[in-house]
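Data first, discussion second: the structure below is written as structure tokens.
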Amino acid sequence: MSKSLPLFTSLPKALPKALPKALPPRGITLALSAALVAAALTATVSTAGAAAAHPAPPAAAPLTDVRIAAHFDLSAGQMPENIALLSDGTADVTFAAARQVARIAPGQAPRVLATLPAPADGGVHTPVLGFPLTTGIVHTADGTVYVLYATGTADLTGLWRLRPGQAPRRIAALPADGLPNGLALDERGRRLYITDSVLGAVWTVPLTGGAPAKWSAAPALASTGFLGANGAKVHDGALWVTNLDQGTLLRIPIRSGNRAGTPQVKASGMVGIDDFAFTGRGDDILAALNGPNTVVRIRPDGTETTVLNAGDGLQNPTSVALRGDDVYVLSAAYTTAADPNLLRARLHDHR
């Protein structure tokens, strides 16, 4: 099923190359809105007629007990981008525009674990977006948190490590002209995989840090004008990656010696697909579609069904996580500019 963002031909077709140094979150939202629309413009034109004739279907089972569990402060840059669940029922999230990592406990206000240092130029040279942002996050059993940071500067862009009681530390530098976005943990191999949405690549870095190695730069990872390779997860001997511009879900086999195999397209036609999570039912997936304001369930055969939409409270959903059958969905409100939030739901198996 094809998805597309709304068509607004009056909006500019690219972000300005430089935004004001002290750009407020509202300015970030407006600039990002323009970029998102421009990125999806071509796909929208080609499908506008079909979309008018066949409007998006309403959300369907198998998600129940759908509710907004937390609201965040848009004016403070609390646009949640990515999530890592802890075993005690809390969640660590990245607040993209605030440069922060925060812990969310049920019924409590976010507790900021770290604020990453601001770039000297304000982040105006961050590729595509023009503001510094925190993106992917994972944590290991010992409580260590790993997070990605994009600033457009060589001194800060890269992989950062947060250990309890210690200040955040960059442990791997990544290209300043790229946009590190998705972060996937391979605990058995003790390594991390990092998608670069601008350079169209996947990097790999040992858990201990060090120089990143370019793992794949296959054409399937490339952008078509905005952001390419995005979400990432290690699953069943492969790295699974989404491509926001191309609307695809890819499976890249992890070969012996940690070599990348040829990407296989597992699902397509989902422009705006962001991060995702496996449901624990084989290759069954829940994925966030940012621009269309939906969460879809992707079956192993590549078919997909809308299970959440804007009527459920989604505001540009960015990421999905599961603990058992408990579903967590973050919404950043990048273009809706209304209500960044954390949505909770319960998954039932209606195969």
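Okay, here's what the table says:
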| read-out | value |
| --- | --- |
| Residue satisfying condition, being closer than 20 Å to LYS233 by Cβ and of a type in the set (A, V, I, L, M, F, W, C), within set ALA310, ALA345 | ALA345 |
| Those residues of region 63-83 which are hydrophobic (A, V, I, L, M, F, W, C) and within 11 Å of LEU330 (Cβ to Cβ), in sequence order | ALA69, ALA70, PHE72, MET79, ILE83 |
| Extreme residue, nearest to ALA70 (Cα to Cα), among residues of region 106-122 that are surrounded by 15 or more Cβ atoms within 10 Å (Cβ to Cβ) and in contact (Cβ under 8 Å) with a residue 40 or more places away in the chain | PRO110 |
| Residue satisfying all of: in region 122-169; among the charged types (D, E, K, R) and under 23 Å from ARG111 (Cα atoms); modelled with the lowest pLDDT among these | ASP142 |
| Subset of region 287-321 that is farther than 13 Å from ALA277 by Cα and among the hydrophobic types (A, V, I, L, M, F, W, C) - its residue that is surrounded by the fewest Cβ atoms within 10 Å (Cβ to Cβ) | ALA310 |
| In region 187-221, residue farthest from THR262 (Cα to Cα) [restricted to those that are charged (D, E, K, R) and buried (at least 17 other Cβ atoms within 10 Å of the Cβ)] | ARG191 |
| Subset of region 314-351 [more than 23 Å from GLY136 (Cα to Cα) and touching a strand residue (DSSP E or B) at 6+ places or on another chain (Cβ under 8 Å)] | ARG346, LEU347, HIS348 |
| Selected residue (only one of ASP177, ASP186 is charged (D, E, K, R) and under 19 Å from PHE276 (Cα atoms)) | ASP186 |
| Filter pass, THR224 being free of Cβ contacts under 8 Å to residues at least 40 places away in the same chain, surrounded by 15 or more Cβ atoms within 10 Å (Cβ to Cβ) and out of contact with any Cys (no Cβ under 6 Å at 6 or more places or on another chain) | no |
| Wholly within region 236-332, strands (runs of 3 or more DSSP E) carrying at least 3 residues that are under 14 Å from the mean Cα position of the chain (by Cα) and under 26 Å from GLY89 (Cα atoms) | 273-278, 285-289, 317-323, 326-331 |
| Any hit, region 228-249, residues being more than 30 Å from LEU347 (Cα to Cα), surrounded by fewer than 17 Cβ atoms within 10 Å (Cβ to Cβ) and of a type outside the set (Gly, Ala, Ser) | no |
| Every residue from region 78-116 that is part of a loop (DSSP other than H, G, I, E, B) and closer than 18 Å to ALA150 by Cα | GLN78, MET79, ARG99, LEU116 |
| Given (1) touching a Pro at 6+ places or on another chain (Cβ under 6 Å); (2) within 19 Å of ILE68 (Cα to Cα), index of the condition ASP283 fails | (2) |
| Options LEU183, LEU192: the member that is within 15 Å of the chain's Cα centre (by Cα) and touching a residue at least 12 places away in the same chain (Cβ under 8 Å) | LEU183 |
| Among residues of region 117-149, those that are of a type in the set (A, V, I, L, M), in a loop (DSSP other than H, G, I, E, B) and within 27 Å of LEU207 (Cα to Cα), counted | 2 |
| Qualifying position, being in contact with a His (Cβ under 6 Å, 6 or more places away or on another chain) and more than 23 Å from ARG191 (Cα to Cα), among GLY123, GLY152, GLY107, GLY130 | GLY152 |
| Extreme residue, nearest to GLY89 (Cα to Cα), among residues of region 340-350 that are touching a Phe, Trp or Tyr at 6+ places or on another chain (Cβ under 8 Å) and surrounded by fewer than 24 Cβ atoms within 10 Å (Cβ to Cβ) | ARG344 |
| Residue pairs meeting the criteria (Cβ under 6 Å; at least 6 apart or on separate chains; first within 16 Å of THR242 (Cβ to Cβ), in region 296-310; second charged (D, E, K, R) and in a strand (DSSP E or B)) | VAL296/GLU304; ILE298/GLU304; GLY302/LYS266 |
| Failed condition for GLY152, given (1) in contact (Cβ under 8 Å) with a residue 40 or more places away in the chain; (2) part of a loop (DSSP other than H, G, I, E, B) | (1) |
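The values are calculated or read from the model by the stated rules, or taken from the named source; none is laboratory data. A quick note: this is a predicted structure, and the numbers were derived from the prediction, not measured. Every residue, glycine among them, receives a Cβ derived from its backbone with ideal geometry; neighbour counts consider all protein chains shown.
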